[in-house]
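Let me begin by presenting the structure, written as structure tokens, before commenting on it.
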Amino acid sequence: MTKEVQMSQSSDFTSNKSRDLLLSIVLDLFGYATYAIPFLGEFADIIWAPIAAYMMTRIYKGFAGKLGGVFAFVEEAFPLTDFIPSFSIMWFYTYVIKKGK
């Protein structure tokens, strides 16, 4: 019985890991999309910044998710910082760095 529970938890971790990676890549690409529209893109960041912060806190829980949300908001709100893949960085921290501790 214990092995079944461990396998189930491991499977959930793997599926969350894959889901979070896919969401992170899509959301980073969406953040990059504002570069496609000169001048108008920076105004779109005003709308995207709070959405990105909210999505960061929903995908990544706890203190790290909140800190990542603040970082995502600041990164999207400031001009010329859209190239930073904040969601992918957070995924790497959550599933590679933090998991190794």
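The values are calculated or read from the model by the stated rules, or taken from the named source; none is laboratory data. All values reported here derive from a predicted model rather than from experimental measurement. FYI the Cβ positions are ideal-geometry reconstructions off the backbone, even for glycines, and counts take in every protein chain you see. We work out accessible area using only protein heavy atoms, side chains counted, and drop any ligands, DNA or RNA first. Shrake-Rupley method; radii C 1.70, N 1.55, O 1.52, S 1.80 Å.
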query: If exposed chymotrypsin sites (Phe, Trp or Tyr not before Pro) are those in a DSSP loop with at most 15 other Cβ within 10 Å, what is the longest stretch of the chain that has none?
result: 40-82
statement: The percentage of the accessible area of the chain (probe 1.4 Å, all protein chains present) made up of carbon and sulfur atoms, to the nearest whole number, is 74
query: Using a simple charge model, +1 on the beta-carbon of Lys and Arg, -1 on the beta-carbon of Asp and Glu, nothing else, what dipole does the chain show about its Cα centre, in debye to the nearest 20?
result: 620
- request: With a probe of 1.4 Å, find how much accessible area the chain has per residue, and write the answer as a whole number in Å².
  value: 69
message: Taking each pair of distinct Cα atoms in the chain once, what is the resulting Kirkwood hydrodynamic radius in Å?
response: 14.4
query: Among Gly65, Leu80, Phe43, whose Cα sits farthest toward the positive end of the charge dipole of the chain (+1 at Cβ of Lys/Arg, -1 at Cβ of Asp/Glu, about the Cα centre)?
result: Gly65
task: Calculate for the chain the 222 nm mean residue ellipticity that helices alone would give, adding -39,500 (n - 2.57) per DSSP H run of length 4 or more and normalising by residue count, nearest 500 deg cm²/dmol.
output: -25000 deg cm²/dmol
